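Step one of this worksheet: look at the structure below.
The values are calculated or read from the model by the stated rules, or taken from the named source; none is laboratory data. Please read these numbers as outputs of a predicted model, since none were measured by experiment. Virtual Cβ from ideal backbone geometry, glycine too; neighbours counted across all protein chains shown. The protein model used for the area step is the full one, side chains on, heavy atoms only, and it has no ligands, DNA or RNA in it. Shrake-Rupley method; radii C 1.70, N 1.55, O 1.52, S 1.80 Å.
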Amino acid sequence: MSNYSTAHPEVSHKSHRGNWLRAAVLGVDDGLVSVASLMIGVSTAHASSSTIMTVGVAGLVAGALSMAAGEYVSVSSQRDSERADIRIETQSLSDNPKEELAELTAIYEQRGLEPKLALTVAKQLHAHDAVSAHLRDEIGIDVDALAKPIQAAATSAIAFSLGAAIPILAALIITGTASVWAIVIVSLLALGISGAIGAFLGGGNRLWAAARVFIGGGVAMAITALIGHLIGRSV
């Protein structure tokens, strides 16, 4: 934790939440929209209640595993790239220390420091932790915040499952012909709430965030319902 005071203690920054917030919001919304749409589409094709529930649970399991696998692969690729850059910079600093020092000095000059001050800063950072300095200021990698594949996979899977569970619970609580409307209403309300919460955590406009996921989810459900209805009539 930093031991210096901030110029605006009453306001907390939001951008550091970007990775986990993106994964969580995406997972919840994806689980809600995809599983609700699946259940609605099957129901409009005149499927039985047990079939609708089976489709919902299958969608939850398959979607959570797919999200986890996708996040793990993509974040692992990012981490591989970060590690490769660390090896490159470490080797380059060992082989060409003067050239690397000049490169870091030039970066600080471009950012507005006077040449002598830029050189002093570069030398001090080289003496402290040259690899971290180059990774941060030359490439944009924070060695203390490298990509975490397992964390990303778990976050996505849990978030998707939470979102997918909502339409399933709605169908369990309200059965019969009213279950379809229950799935639609509950899912849309949950989408709006999740969008507003995501905007609150990220510092965005809560009303606009709620509206865009509400509208997007509604369109997805309507299209799936129409397709299910048409297939149900033709089969």
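Two decimals, Cα atoms only, Kirkwood Rh: what is Rg/Rh over the chain?
On the way: Rg = 24.9 Å, Rh = 21.2 Å.
Taking Rg over the Kirkwood Rh, I get 1.18.
Run lengths n ≥ 4 of DSSP H only: what is the helix-derived mean residue ellipticity at 222 nm for the chain, with -39500 (n - 2.57) per run over all residues, to the nearest 500?
Helix contribution divided over all residues of the chain: -28500 deg cm²/dmol.
Mind checking which of Ile197, Ala178, Leu119 is farthest towards the positive end of the stretch 43-197's charge dipole, using Cβ charges of +1 (Lys, Arg) and -1 (Asp, Glu) about the Cα centre?
The residue sitting farthest along the positive end of the dipole is Ala178.
For Ala222 and Thr51 in the same chain, what is the full-extension length gain: residue separation times 0.36 nm, less their Cα-Cα distance, in nm?
Working: separation 171, 0.36 × 171 = 61.56 nm, distance 1.97 nm.
Stretched out fully, the Ala222 to Thr51 stretch lengthens by 59.6 nm.
Charges at C-beta only: +1 for Lys and Arg, -1 for Asp and Glu. How large is the resulting dipole of the stretch 20-147 about its Cα centre, in Debye rounded to 20?
360 debye
Largest first and in whole Å, give the semi-axes of the stretch 38-165's equivalent ellipsoid, each being the square root of 5 times a Cα gyration tensor eigenvalue.
Equivalent ellipsoid semi-axes, largest first: 52, 14, 10 Å.
Can you give me the distance in nm between label points at Leu172 and Ile215, each placed 7 Å from the Cα along the Cα-to-Cβ direction?
Spacing of the two 7 Å Cα→Cβ label points: 3.4 nm.
Provide the gained length on full extension for the span Val61 to Asp95, in nm with one decimal, where the gain is 0.36 nm per separating residue minus the Cα-Cα distance. If you can, show how the numbers build up before the last one.
Details: separation 34, 0.36 × 34 = 12.24 nm, distance 5.07 nm.
In short, 7.2 nm is gained.
Using 7 Å Cα-to-Cβ label points, what is the Gln124/Ile231 separation (nm, one decimal)?
Those two pseudo-labels are separated by 6.5 nm.
Which value, in debye to the nearest 20, describes the size of the charge dipole of the stretch 76-235 about its Cα centre when Lys and Arg Cβ atoms bear +1, Asp and Glu Cβ atoms bear -1, and nothing else is charged?
For this selection, approximately 1020 debye.
Tell me, what % of the accessible area of the chain is carbon and sulfur with a 1.4 angstrom probe?
Taking all protein chains in place, the chain shows 65 percent carbon and sulfur surface.
Give the relative contact order (percent, whole number) for the chain; include only Cα pairs under 8 Å separated by 6+ residues.
Values: 289 pairs, mean separation 89.3, N = 235.
In percent, rounded to a whole number, it is 38.
With N set to the residue count of the stretch 130-170, report its C-alpha Rg divided by 2.2 N^0.38 Å to two decimal places. The partial results should precede the final answer.
Numbers: Rg = 17.7 Å, N = 41, 2.2 N^0.38 = 9.0 Å.
For the stretch 130-170, the normalised Cα radius of gyration comes out at 1.96.
Can you give me the accessible area per residue for the stretch 87-235, using a 1.4 Å probe, in Å²?
Heavy-atom SASA per residue in the stretch 87-235 reads 60 Å².
Give the value in nm², to one decimal: projected area of the alpha carbon convex hull of the stretch 130-235, averaged over all directions. Could you put the intermediate results ahead of the total?
Working: hull surface 42.6 nm².
So the Cα hull casts an average projection of 10.6 nm².
Of all trypsin sites (Lys or Arg not before Pro) in the stretch 81-177, which ones are in loop regions per DSSP and have a Cβ with at most 15 other Cβ atoms within 10 Å? Write down the numbers at each step before the final one.
Working: sites: Arg83, Arg87, Lys98, Arg111, Lys116, Lys123, Arg136; in loops: Arg111.
Answer by residue number: Arg111.
Once you put a point 7 Å from the Cα of Asp80 and another 7 Å from the Cα of Gln110, both along the Cβ direction, what distance in nm separates them?
Here the answer is 2.8 nm between the modelled labels.
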